[in-house]
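In what follows, a structure is listed as structure tokens, so that the remarks can point back to it.
Since every read-out is calculated from the coordinates, none of them should be taken as a lab result. This is a predicted model, so every value here is computed, not measured. Heads up, the Cβs are rebuilt from the backbone with ideal geometry, glycines too, and the neighbour counts pull from every protein chain shown.
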Amino acid sequence: MEVILKYFKLSEKQADQFNRLLPLYEEWNAQINVISRKDIEHLYLHHVLHSMAIAKYIQFKPGSHIIDLGSGGGFPGIPLAILFPEVQFTLVDSIGKKLKVAQDVAEQIGLSNVDVHWGRVEEMNVKVDFIVTRAVAPVVKLVEWSMSLLESKHRHGIPNGIIALKGPTYKDEIKSLFKKDYYDAVPIHSYFKEEYFREKWVLYIQGR
């Protein structure tokens, strides 16, 4: 939890919500392998703070609607929903048991701005401001699945699009984009100095 406070100023309510994540995920992890057994002790660094890199890249405005594609147990959606209580987050995954974990965690910590959708994102009939995602699929698949869900009207400083947390393979993945596709990549290590983030990136792909 200390590593979160190192980089973010939180309200008392937000601090309490973040504090409650570890025991909840530990309890669920004993039943379902939501997070690697070896990794659960690094929950705040490897999962929570990593998710929050998106909040360093962009500040979502109140009233926005964000889809977390391939959310699994709730990353990056739940940490972002704590940070942006006036933004609606829809957590999407094709694995129902993991979404059950995310939904329960959201309810337990009192997040009223989170809902879940079990199924394939490309079958959804909704318009949103941004798609966020973490370690789900190659860039070409993210674009194929998600671009049609982006609202044409923009309310942020950058146009609506996809924001993906990626490793160094993104450099090969972006070669599959069309030349007209605009993207931006920022090393997470420029936000968070821990060694864990040295080869991790925030990748933004502008909507078409």
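Observations, loosely collected:
- Against the rule of thumb 2.2 N^0.38 Å, how large the Cα Rg of the stretch 1-92 comes out: 1.05
- The ranking of 133, 169 by Cβ neighbour count inside 10 Å, starting from the fewest, reads 169, 133.
- For the residue pairs 38/200; 127/153; 56/193, alpha carbon separations beyond 18 Å are given by 38/200.
- 12 Å cut-off, amide nitrogen to a point 7 angstrom out along residue 158 Cα→Cβ, residues in the stretch 44-83: 54-60
- Bridges between two residues of the chain, per DSSP, are antiparallel at a rate of about 35%.
- MRE, 222 nm, helices only [DSSP H, n ≥ 4, -39500 (n - 2.57), over the chain, to nearest 500]: -8000 deg cm²/dmol
- Per residue, the convex hull around the alpha carbon atoms of the stretch 79-183 comes to 121 Å³.
- A full extension of the chain between residue 194 and residue 112 corresponds to an added length of 26.4 nm, given 0.36 nm per residue minus the alpha carbon distance.
- Placing dummy labels 7 Å off each Cα toward the beta-carbon, the span from residue 3 to residue 169 is 2.2 nm.
- Restricting the calculation to Cα atoms, the chain yields a radius of gyration followed by a Dmax of 16.0, 47 Å.
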